[in-house]
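A.B. asks: Shown below is the structure under consideration.
Please treat every number below as a calculation from the coordinates, not as lab data. It should be emphasised that the depicted structure is a prediction, and the values quoted were computed from it without experimental measurement. FYI the Cβ positions are ideal-geometry reconstructions off the backbone, even for glycines, and counts take in every protein chain you see.
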Amino acid sequence: MKKQVLISGASVAGLSLAYWLNKFDFEVTVVEISKSLRRGGSPIDVRGEALNVAKEMGILEKIKAKEFIHQDEIVNAHNETIVSFSLNDQPEYRGDIEIHRDDLVDILFENIPKDQVHFLFGNRIGTLVQSDTNVDVTLKNGETLSFDFVFGADGTHSAVRKLAFGKEENYSQFFNEYFAIIEAPDVKPNHPNGGAMYNEPGKMVGLYPFKNGVNAFLVFSSPKLDWDYKNQAQQKQIIKEHFQNGKWRIPEILNALDKVEHIYFDEVCQIHMSSWTTGRVALLGDAAHAASFHTGMGTSLAMQGATLLAQKLHEIEDYQQAFTAYNESFRPFVESIQAKITRGMKYLVPQTEEDIQEAYKRFK
């Protein structure tokens with residue numbers, strides 16, 4: 001009899017795991033709180049071993065076909081180009097693929113046979129009770145189901161982690177930065193095929209072509225703030241307060257902010273856990289080990305971790321041993337990536353004018 005598994009989150013990690021577990025003859029259900037695949041987000045990178053994972057999944061050519069190739073520029077307050085560059089020309093990025101998040105999620109979703117994998121959109125896990133033999137789950141709609149395993153692929157603020165492991169504050173490390181992603185159709189990019197980045201001390205603003213407008217990516221340094229992740233009006237006000245005296249095209253972005261219905265706002269943090277598994281529950285992707293966008297490796301870690309977790313469960317009959325192997329074999333790589341965050345922060349959000357000029361030399 002097939003083992004029944006529930007994956008929380010139709011994310012890059014969740015969809016990758018669903019593909020592999022179905023391939024390895026598990027009965028897979030994916031529950032996603034959104035009513036459809038989540039949209040939006042900045043371009044993401046598929047790098048290193050994740051490219052081999054994509055090849056094994058049969059989607060590498062589709063990813064290459066959707067590659068987001070662009071020439072970016074760093075500008076000053078007068079919108080004059082300081083330096084023009086392509087990330088693909090940087091030695092550490094050579095061979096990697098940048099792709100819009102929506103495109104990658106679509107490719108992963110289309111790669112999963114819908115007659116074999118069950119998707120429950122507009123739903124979520126409400127309660128989770130483990131025993132020696134199974135995990136009983138009550139969904140938001142009141143339905144009670146039983147599974148052999150439950151996997152949390154539901155992001156940095158994972159509900160599965162909270163239910164099975166405890167409060168987020170026990171695992172989250174804050175890095176004194178906040179960021180926002182704003183889809184602004186009324187704001188035009190600096191160039192139709194490239195992004196533009198502007199710095200002030202402790203702040204970064206990037207504009208990247210997206211659909212008929214731009215994705216505005218804003219980052220600012222700050223001590224811990226008291227904010228509500230559900231309160232978009234409050235989040236918009238926080239952004240305005242921190243960028244109100246900003247130059248370049250910042251006033252234009254702040255004006256557009258009032259017309260935007262939804263923004264993505266969050267703190268820059270990492271998730272650190274001594275174990276990604278407990279009983280019959282396992283975490284993966286950002287839910288297990290969020291590395292932050294500063295490392296450029298969140299997507300690749302999600303794909304690699306999902307593949308490794310599925311392989312261990314397929315190869316090792318005792319799930320506890322499989323979970324141990326997943327924890328032990330993937331952890332050194334994860335920790336090496338997480339350690340790179342301060343380097344990324346130094347280059348993306350320099351704290352002084354001198355640091356800004358030093359950071360720009362990296363692209364010259």
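A.B. asks: Is the stretch 71-83 home to any residue that is polar (S, T, N, Q) and not in a loop (DSSP other than H, G, I, E, B)?
C.D. replies: Yes, the stretch 71-83 has at least one match.
A.B. asks: Testing T144 on (1) touching a Phe, Trp or Tyr at 6+ places or on another chain (Cβ under 8 Å); (2) without any contact (Cβ under 8 Å) to a residue 12 or more places away in the chain, one condition comes back false. Which one is that?
C.D. replies: (1)
A.B. asks: Moving to a separate point now. For the condition surrounded by fewer than 19 Cβ atoms within 10 Å (Cβ to Cβ), of a type outside the set (S, T, N, Q) and under 19 Å from the mean Cα position of the chain (by Cα), what is the one hit in D136, D115, D106, D148?
C.D. replies: D106
A.B. asks: Out of the residues in the stretch 326-364 that are closer than 28 Å to A302 by Cα and polar (S, T, N, Q), state the one that is surrounded by the fewest Cβ atoms within 10 Å (Cβ to Cβ).
C.D. replies: Ranking the candidates gives T342 first.
A.B. asks: Ok, one more. For the stretch 1-46, list the strands (runs of 3 or more DSSP E) that sit wholly inside it and hold at least 2 residues that are under 25 Å from E67 (Cβ atoms); which are they?
C.D. replies: By residue number, 44-46.
A.B. asks: Condition first: among the hydroxyl-bearing types (S, T, Y), closer than 13 Å to H289 by Cα and crowded, with 19+ Cβ neighbours inside 10 Å. Now tell me which residues in the stretch 158-183 satisfy that.
C.D. replies: Those that are among the hydroxyl-bearing types (S, T, Y), closer than 13 Å to H289 by Cα and crowded, with 19+ Cβ neighbours inside 10 Å: S158, Y171.
A.B. asks: Name the residue that is farthest from E73 (Cα to Cα), counting only residues in the stretch 214-238 that are surrounded by 18 or more Cβ atoms within 10 Å (Cβ to Cβ) and free of Cβ contacts under 8 Å to residues at least 60 places away in the same chain.
C.D. replies: Q235
A.B. asks: In the stretch 294-352, how many are touching a residue at least 60 places away in the same chain (Cβ under 8 Å), outside any helix (DSSP H, G or I) and among the β-branched types (V, I, T)?
C.D. replies: Selection size over the stretch 294-352: 2.
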